[in-house]
Structure formats: C-alpha cells, structure tokens
Amino acid sequence: MQTLLRALKSRTASVLTVGLLTLAPTALVATDAHADVSGNICQSALPQQADDTLNEIANGGPFPYSQDGVVFQNREGVLPAQSYGYYHEYTVITPGAPTRGARRIITGEGDQEDYYTSDHYATFYLIDFTC
C-alpha cells in the first residue's frame, strides 16, 4: 500500500477530456496480499551473480559497492515487519549494467533469512538453500 501511495504522490495525474466525457487515470487498490513475500526460490535457480553475493556476505566482503551492507528499511512493507536495522541489502551485479542494477539480496538479522529481488524491491523471494 505504501508503494502505491508513494507512486501516486510522485506522479501528476493527467486528465483527458473527450467531448463531454472526462477520463482520469484509475489506480489499482493494493490489498494485504501485496504486502507479502512472493514465495520461495531455490538457491540453484538464482543467477550466478547472486551466489557470488551470498559468498561475499558469508565472508564479510569485500563488496563491490559502498552501499552494500547498509540497512534496508523495508519502506515498501513487503518483507515481514521488523525493527530498524534488522535487514541489510547487498548488490547482485547485473552484467552490462552501467549502475548497480535492480538485483539485490536482503538479509535478515543473524542469518535468519535471505531474500532475493530482481526488480528493485517490487517482489521478494525467500531463498531456499535446501533445493
């Protein structure tokens, strides 16, 4: 819901008038179902770069970007609610991308859980290390 509200606030709604009919953009209403992890993903299904990132995390670095390891604030509200500092984010390198790209690993405190997102926090998958 927070993501939807932020998106709506950041865009100027355009209105189209055709004759006597005025059309305005419609917004999708987010439900509680959107505020949840999209499911599990097998570690074996992740791109090789995600495995590289997981290894860097396990070894304590070095990390390719200064932003790696910073607190992930869960502003989107998709991950389970936790106190500030519980989650940290790490870049999953995207070959050929001129920037950090959209792929990340989000870790929970104390190796409790690891999440993968390939679309810059729109969807998250809990990484399953058993398959």
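The values are calculated or read from the model by the stated rules, or taken from the named source; none is laboratory data. If you're wondering where the values come from, they're calculated on a predicted model, not measured in any experiment. Positions of Cβ are generated from backbone atoms using ideal geometry, with glycine treated the same way; all protein chains shown enter the neighbour counts.
If you take the residues in segment 40-77 that are at pLDDT 95 or above and of a type in the set (Asp, Glu), which one is nearest to TYR121 (Cα to Cα)?
ASP68
Look at segment 88-103 and say how many of its residues are free of Cβ contacts under 8 Å to residues at least 24 places away in the same chain and either under 28 Å from THR130 (Cβ atoms) or touching a helix residue (DSSP H, G or I) at 6+ places or on another chain (Cβ under 9 Å) (or both).
The total comes to 4.
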